[in-house]
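Below is one structure, written out as structure tokens; the observations come after it.
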Amino acid sequence: MGFSFGGILFKNGGRVKDEALLDLLHSNNYRYTGITSMEAAVSAEFRGVGIARTKELAILIGRNIPFRLSFENEEHLTETDKRLMTLSDEGDIIAVLSDSVSDTYCYSIFKQGRRIRVKKITGNRLAYESGKATGYDRNLGQGSNGMMDLIIGFTGLSYSELVFDLGLKVKVYNL
């Protein structure tokens with residue numbers, strides 16, 4: 001059994017409304033369907049999109065979110081990447097795909113209107129990298145542990161704290 005997570009984390013996320021987060025996914029057809037726990041939202045059974053918030057963060061969760069992103073060169077930026085660049089004027093953003101089943105780990109870091117860092121690792125090989133390491137991703141471990149390190153570097157909170165300890169509630173949206 002492996003670990004799989006897809007999502008986007010926003011610093012100063014309190015400034016970004018839920019509608020703007022959902023708009024990143026290019027569909028106005030998402031409908032609010034209830035509240036769940038963070039643990040349920042990151043589980044393999046979760047279908048849909050979730051929005052969780054702390055005082056400083058907004059977290060957009062969904063298994064399919066990474067497929068709306070490019071973890072490639074600038075010529076392949078998606079509309080979602082471009083929208084994240086614009087939103088990063090409000091605060092730093094990281095987009096993450098961590099899938100230990102397929103041995104694929106990707107992330108992008110957005111800051112001040114630009115995508116400043118992207119890294120994609122598949123099968124324990126570096127497939128693509130652009131930009132210099134930041135304070136968020138310097139000295140990351142390998143695989144899913146590296147993605148956990150990235151989350152700590154960005155949020156100041158461990159994955160365990162975000163998922164279990166803080167008791168975060170997640171608004172659930174489905175098509």
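A few points about this structure:
- Expected 222 nm ellipticity per residue - DSSP helices of 4 or more, -39500 (n - 2.57), all of the chain, to 500: -5000 deg cm²/dmol
- Options ILE65, GLY141, GLY91, ranked by Cα towards positive dipole end of the chain, top entry (Cβ charges): GLY91
- Above-threshold pairs, the threshold being 22 Å between Cα atoms, out of LYS17/LYS120; LYS11/LYS111; LYS55/LYS120; LYS111/LYS171; LYS11/LYS132: LYS17/LYS120; LYS55/LYS120; LYS111/LYS171
- When percent of Cα pairs over 27 Å apart is computed from the coordinates, the matching label among (i) 60; (ii) 31; (iii) 18 is (iii).
- Here is the size of the stretch 1-60 from its Cα atoms: Rg then Dmax, 12.0, 37 Å.
- Each Lys and Arg contributes +1 and each Asp and Glu -1, all at the Cβ; summed about the Cα centre of the chain, the dipole is approximately 240 debye.
- Here is the list for the stretch 28-96: trypsin sites (Lys or Arg not before Pro) lying in DSSP coil, each with at most 13 other C-beta atoms within 10 angstrom of its C-beta, are ARG47, LYS55.
- Taking the inverse of the mean 1/r over every pair of distinct Cα atoms in the stretch 37-107 gives a Kirkwood hydrodynamic radius of 13.6 Å.
Computed from the coordinates by the stated procedures, all read-outs in this text should not be read as laboratory data. Note that the structure is a prediction, hence the values are computed from the model and not measured. Every residue, glycine as well, gets a Cβ built from its backbone with ideal geometry; the counts of neighbours run over all protein chains shown.
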